[in-house]
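Student: What follows is a single structure, and I will ask about it in a moment.
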Amino acid sequence: MAWDDDLCVDYYCDFEGWTKELFYKVDCDTLKSLKMVLRHRGVYTGNNRARLANSLYNLSTLENTPEWDPVEFKAIIFDQRSRAYKRQQNAKQTPLIAKQQQLQQDSLLASTYAPQSQQLEHSQQDGQQRE
């Protein structure tokens, strides 16, 4: 099976020469299924609210694979075998990793400065007791 860019290339080849009118002649359910398969496998077909025939025709005339809208990219459920799914999962994990690293740094800083602040408190307490 083809995924992402490979699927997009296959799509271009299969629909090369199709006109917008040909897409309009195809059953709406068939177009909807085609668009869903493309999107699910990582191919961005344009705005999801656009007319099916227009979206699929426009995709067949593009020279480069269109980039995903960031909001749609986060919301869609991709097939786990697609590169889009892997990118989506990496994007979700990046903030978690950054947060974990920040917590580790904070913990390290706290353990570094805690003994110094405790020494300062003891020194101040010793000074008050002598007075």
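Student: Test of understanding: extend the Cα→C-beta vector of Cys28 to 7 Å, then name every residue of segment 43-70 with backbone N under 18 Å from that spot.
Tutor: 48-57
Student: List the GluC sites (Glu not before Pro) in segment 12-64 that DSSP assigns to loop (not H, G, I, E or B) and whose Cβ has at most 12 other Cβ atoms within 10 Å. Which are they?
Tutor: Sites meeting the loop and neighbour criteria: Glu16, Glu63.
Student: Continuing with this model, one more query. Just to verify a number: FRET efficiency for Thr61 and His40, C-beta to C-beta distance, R0 = 30 Å, to 0.05?
Tutor: In this case the efficiency is close to 0.85.
Student: Cut-off under 28 Å on the C-alpha distance; same-chain residues fewer than 8 positions from Lys20 excluded. Which lysines are left, in chain and number order?
Tutor: Lys20 reaches Lys32, Lys35.
Student: So, one more: Give a residue-ordered list of calculated ³J(HN,Hα) values for segment 43-49 (Karplus: 6.51 cos²θ - 1.76 cosθ + 1.60, θ = phi - 60°; whole Hz; x for Gly, Pro).
Tutor: 9, 7, 9, x, 3, 5, 8
The numbers here are math on the coordinates, done by the rules we state, and not lab data. Bear in mind the structure is a predicted one, so any value in this text is a computation, not a measurement. Don't worry about glycine lacking a Cβ; one is built from the backbone with ideal geometry, like all the others, and counts go over all protein chains shown.
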